[in-house]
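Engineer: I have a structure I would like to understand better, so I am pasting it below and will then ask my questions one at a time.
Coordinate-derived values only; no laboratory data. Nothing here was measured: the structure is a model prediction, and the numbers come from that model. Cβ atoms come from the backbone with ideal geometry, glycine included; neighbour counts cover every protein chain shown.
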Amino acid sequence: MESMKIPVKTIQRFWNKVEKTDGCWLWIGSKSKRGYGYFEIKGKTFKSHRVAYEISIGKIPRDKYVCHHCDNPSCVRPEHLWIGTFEENNHDMMRKGRMRSLGVPCKLSPEQKEKMRNLYSKRNITLEELATLFKVSIGTVHGIVRGVMPRYGLLKSLK
Ligand SMILES: [Zn+2]
């Protein structure tokens, strides 16, 4: 999104299209097939969660993505948004329809991945718990810890 100064009136128009719940703030304006909200400013269309980020938190760094902690594409609650990098491969797979509705095309930092592997290699945490902890999908966790999966025997002995 190019840098923009958004007039107060436009900001009011934006929040009028949002239904705030105790959890997510849902976009009730127009949406894409994948559930992302769209908002028009001066004839240009922007993704509404990106607009929410810009008007509530600040400028989105170049080439960065605004991701959802909550995996809910139509959510525009600033607390649920975070800045991540775009994973080309992920996007490519989504485009080809191989991964249907994975919410966040965002990459964890190498440090986070390392931490995840470390935690997992100690074998006292489940994929689900890691997914919750790092706010990513179980599929993402699985992809990252695959190299340090406990051998079958070990896994079995934990059950
Ligand atoms: Zn949310």
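Engineer: Quick check: pseudo-label points 7 Å beyond the Cα along Cα→Cβ at GLU40 and GLU128, how many nm apart are they?
Structural biologist: For the pair GLU40/GLU128, the computed spacing is 4.5 nm.
Engineer: Sticking with this structure for a sec: Between their Cα atoms, which of LYS20/LYS115; LYS113/LYS135; LYS9/LYS47; LYS59/LYS113 are more than 23 Å away from each other?
Structural biologist: Listed pairs above 23 Å: LYS20/LYS115; LYS59/LYS113.
Engineer: Hey, another quick one. Expressed in nm to one decimal, what extension gain is obtained for the pair GLN12 and SER56 from 0.36 nm per residue of sequence separation less their Cα-Cα distance?
Structural biologist: Extra length from GLN12 to SER56 when fully extended: 14.6 nm.
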